[in-house]
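Here is the structure we will look at, set down as structure tokens.
The values are calculated or read from the model by the stated rules, or taken from the named source; none is laboratory data. Here the structure is a predicted model, which means the values were calculated and not measured. Heads up, the Cβs are rebuilt from the backbone with ideal geometry, glycines too, and the neighbour counts pull from every protein chain shown. These accessible areas exclude ligands, DNA and RNA; they are computed on the full protein's heavy atoms, side chains included. Shrake-Rupley method; radii C 1.70, N 1.55, O 1.52, S 1.80 Å.
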Amino acid sequence: MAAPAVRAPRPPAPSAADSPDMMFLENKSRETFGQQGQPKDVITNAFKCIPPKKRAQLQFFDCNIVLQGAREGQKIRKDQNRRVMVEVLDQMADRFQWPRKPLFAYDDEKTFVLVNCTPKLPMALHDKQDFAVVGDGPRQADGARVVMHYDIALTYTKELLITAADFQVMDRQHQTNQQVSAVIERQQALNLLLREAMTDASHAEKNPDRPNQIIVSMGDKIYSNLTEQRFPRDIGRYRAIWPGFTASFKITCAGLILNADLTHSVFFNEGKLHEIVCSMMELGTPTPASRIDSRLALKKGLGAILRTRLVEFQTSDGETCLLPGPLGQLGKMFYRSAVQQFVADGVETTVAEAYAAHNIPIEFPELGCVEVHYGSATYRVPLEKCYLTPGQRYNALLSKQDQAVFIRAVSLSPDKRIGEIAQFMDISRVRSHPLMLETGLTIEDHFIEIGGRVLPLPAIEYRPRRENSPPVVVTPINGQWTMARGVQYQKSAVMPAYLVLVFPIGRSSGCPCMAQNRVVQFLQQMAQEAVSRGMTWGNLINIYNIEQPPERMVAEITECVQHFNPKFVFGIFDRGTDRMYSDWKAVMDNHLGIPSQGLLNQTIDRNPRGCIDNILFKVNIKCGGNNNTLTENGLDNLKMLHRYFMVIGISLSHGQTKDEDCKPSYAGFVGSTDDTFRSWVSEVMVTEANDAVLPQITEKIKNLLHAYRASCGRFPELLIVYRDGVTRTQEGELNRNDLRCIREAFRQLNAQIELVFVVVNKMHRTRFFQKPTKNAMGAPVYSRDNIPPGLIVDDQIVDPYGDDFYLASHRGLLGTSRPIRYNILVNEDSKQTDADDVQGLTMALCYIYQRCTLGVSIPAPLYYANLAAARCAVLADSVIRHTAASNPGRGQGGARGGRGGGRGRGAPAAPVMADPVMRQAITQGIVQHPFLKENQRLSFI
């Protein structure tokens, strides 16, 4: 263990009398900091903020904008809202006779803020105020614009005064919840002002030489299709990756800081609606000579992919032809084509005839029509006459291939990332924006330097080839290690007699299967490598080709496995065969309880040695072995483990997209059952879609504790829980729910167990970079190297009210490393576990993940829980489809299934969790078979 880093004591915080400006959030509440590791100075993507020297007065209003004649529920575009509120501010200045218009901030929806309004806001404005605005709409064919009438209601809500003293934090013994809430409220207000400043700065920097440049503001993120640094990358199917920028104020131990980072998202390209939908649904581009029989698929594409999209459309209403037309909101699609008749105003007509009357030809009359809502009117428009407007975000789940393209495109080396952040802050002139000057807030122009620590990487132990030899100890280098020749798994398993199932190449049966000679050759190489690692390799029973159609595939798999009676099954699949894979896993994991391992035929074709190693890692675990473990010395150095203890990971797997709330979410629970992290047991459950707070986990925790007692003969003295799938804003609700359920489990078992509860957050914007050098001109030169594995930061930029820390346990293989934030919500350990104990345990758990020879980014039990939850989605995909087929009228549509979580094609989403029959089927279908569960086989690994 490295010598502890000596840290200078923190100077006492100055009082208001000592410093007129008062230090902005000088920390006096944080109590524990780690000491282990070698000191390492780094910088972070944040800027320190100097406290304001004057008081800023903010008046908040709730605004409601209504477009006259609009349909119920129809939304107004955010840019239209902003233009309306600018006109409202002019009317307010005239109504209340302000000598100058005050600065304002607007979130484009409901919140409107006036900054330092002088003279003082009249009391009359504290009541509800109504305004009317007349604006110009889209231009018609004759050049005239449509007149839009808006009604606006402003309601005064509150007033905030922002001063340096408002951010002074009391020490932990004297602070109150009211004081903490007041600081957070002012932080949110400053973020609203910052968002307004960023939006103004981005539009001010719009290049006049680029008329097609589009700037989109989404919350605290700003995207653009044309930037000075990088241009968007097209990923096919009318989609492109847009670069963006995000920034927000944060309350930290170092004071108020501005955290800034790059961001990326996928947007639709401009194009004709029917071509976009055909491309998304892989239907090909229709030709005038072809007859389109895919209207149902087009309807699904519009419903699932382009829902609520804005389109420009060309229409004819018999009197006025709008070219290119107004901006409308896309509604539903009809099966009715443009040449089928309908009754309009008592007259039978067709959509094609209405367009032909104005000499507008319809090229694809068979495609069908859509409803487009524009104001109070609803038009039936052929698909080919709708044009998707640019600047609209693509919200559907990316395929596995698209995800790989996205990750490669957005991955930037540390020097490029930090350089672009600094460049944006300079060219946007956010620091000198009038809103920042009006509040008196100063943002420094250099990144914050932080004193971190690099923890020693834990040593890994393997079994030698000779029985009487000492264990082989490997020390990771830069976060990774290799298994040398002659080194065997820590516990080598016995591979029993096994069966190989070869599934059709392609997405349906009837396609040819892989040649058996290639399969046999691959299995022989895998057997040779397994024997060299100490495994005993069984005999191959048979290689069986699955040939039945999809509706008979489950029955064929079951009959084949029961006939040959193997103890292990390999399945060989092609890419994109998600449904075959989910059906196979449902039979193996849930129905028969036989360990299984999937293989891709592309892997067998290439036959790389690295893939064989990774496959054997999984096979050895599923057969009851253990690949590696921590050394005894490494375990002894963890003080908090010198007793009966248990580690549990809790993770969530959500549905496909945020708007498909009818899909269920799945939770995985994985707990250790020994003191060396070699044995694990799992539990799963289904819950409401996209709900991070699990309603009832008491029974799951009890089951894990019972498994521990069955293995160790007693309940643990200490329970350490790692929980992810929670945002920072949900941590309070998590504190009330999960902790209550866990303590209820202790009470029902009558067990005296101390609890350490740690929330793991991966979705944040804090990154660390190597400390830059200076060139001859004194400018910083940033390093291309990532931060070293084991870097931990628990000071300056952490939460002053909590016990959190940032840990980068892994090696950054692509782009810039993202550290993981750990927040210790509860620490009831009576033996006074300190920060070094929790941090050291977390670091050690990141190096016992059994599927690779790398340190991973999160603790292994949490990784396993994530895999268990993802496997539930795979099993549920099969359950939902087969239950719906056997019960007509039940919810259709697959879950997030398949290898890698790809989206299954077919029926659209349905409210499956609202159906008690479907919910019961899913609950039973995701449970592991008793044989696998009792033998503690991690079948999902």
**Q.** Total charge dipole magnitude, the range 492-623, about the Cα centre, Cβ charges on Lys, Arg, Asp, Glu only, Debye to nearest 20
**A.** 340 debye
Q) In the range 444-508, what trypsin sites (Lys or Arg not before Pro) fall in a loop by DSSP, with at most 12 other Cβ atoms inside 10 Å? A) Arg466, Arg485
Q.
If amide hydrogens are placed 1.01 Å from N in the peptide plane, which non-local residues have theirs closer than 5 Å to the one on Asn628?
A. Gln490
Q | Ellipsoid semi-axes in whole angstrom, largest first, where each is sqrt(5λ) of the Cα gyration tensor of the range 633-872 | A | 32, 22, 17
Q: With 10 Å bins from zero, work out the P(r) of the range 422-581 over every alpha carbon pair and list the percent per bin.
A: 8, 21, 17, 15, 12, 12, 12, 3
(Q) I'd like the accessible area for Lys40, computed on protein heavy atoms only with a 1.4 Å probe and all protein chains in place. Round to 10 Å², please. (A) 60 Å²
Q: Note the full-extension length gain between Asp426 and Glu559 as 0.36 nm times their separation in residues minus their Cα-Cα distance, in nm to one decimal.
A: 41.1 nm
Q) Residues of the range 633-872: accessible area per residue at 1.4 Å, in Å²? A) 35 Å²
Q. Where a ≥ b ≥ c are the square roots of the eigenvalues of the C-alpha gyration tensor, would you call the range 662-750 rounded, which needs a/c under 1.5, or, failing that, prolate if a/b is larger than b/c, or oblate?
A. prolate
(Q) Given Cβ point charges of +1 (Lys, Arg) and -1 (Asp, Glu) and nothing else, what value in debye, to the nearest 20, does the dipole of the range 633-872 about its Cα centre take? (A) 620 debye
Q) Taking square-rooted eigenvalues a ≥ b ≥ c of the alpha carbon gyration tensor, is the range 769-844 rounded, prolate or oblate, where a/c under 1.5 means rounded and, failing that, a/b exceeding b/c means prolate? A) prolate
**Q.** Residues of the range 492-623: accessible area per residue with a 1.4 Å probe, Å²
**A.** 39 Å²
Q: Pop out the ³J(HN,Hα) list for the range 802-811 in order, Karplus 6.51 cos²θ - 1.76 cosθ + 1.60 with θ = phi - 60°, rounded to Hz; leave Gly and Pro as x.
A: x, 10, 10, 7, 10, 9, 10, 7, 9, 8
Q) What net charge is computed for the residues neighbouring Tyr498, neighbours being all others with C-beta under 12 Å from the C-beta of Tyr498, Lys and Arg scored +1, Asp and Glu -1? A) +2
Q. Which net charge results for the neighbourhood of Asp415, defined as the other residues with beta-carbon distances under 13 angstrom from its beta-carbon, given Lys and Arg at +1 and Asp and Glu at -1?
A. +3
Q. Hey, any idea what % of the range 707-752's accessible area is carbon plus sulfur with a 1.4 Å probe?
A. 41 percent
Q) Over 21 Å between Cα atoms, which of Lys78/Lys221; Lys221/Lys762; Lys639/Lys831; Lys40/Lys771; Lys221/Lys272; Lys700/Lys831 qualify? A) Lys221/Lys272; Lys700/Lys831
Q: Could you bin all the Cα-Cα distances of the range 492-623 into 5 Å bins starting at 0 and give me the percent of pairs in each, rounded to whole numbers?
A: 2, 10, 23, 24, 22, 13, 5, 1, 0
Q: Would you mind working out the magnitude of the charge dipole of the range 377-460 relative to its Cα centre, with +1 at each Lys and Arg C-beta and -1 at each Asp and Glu C-beta, to the nearest 20 Debye?
A: 500 debye
Q: Whenever you get a sec, compute what percent of the accessible area on the range 436-488 sits on carbon and sulfur atoms (1.4 Å probe).
A: 51 percent
Q: Give the carbon-plus-sulfur fraction of the accessible surface of the range 492-623 in %, rounded to a whole number; probe 1.4 Å, heavy atoms of protein chains only.
A: 48 percent
Q) Which residues' amide hydrogens lie under 5 Å from the amide hydrogen of Ile235, considering only partners 5 or more residues apart or on another chain, with H built in the peptide plane? A) Ala240, Ile241
Q. Taking amide H positions as placed 1.01 Å from N in the peptide plane, with prolines and chain starts having none, which residues 5 or more places from Leu599, or on another chain, fall under 5 Å of its amide H?
A. Gly571, Ile572, Phe573
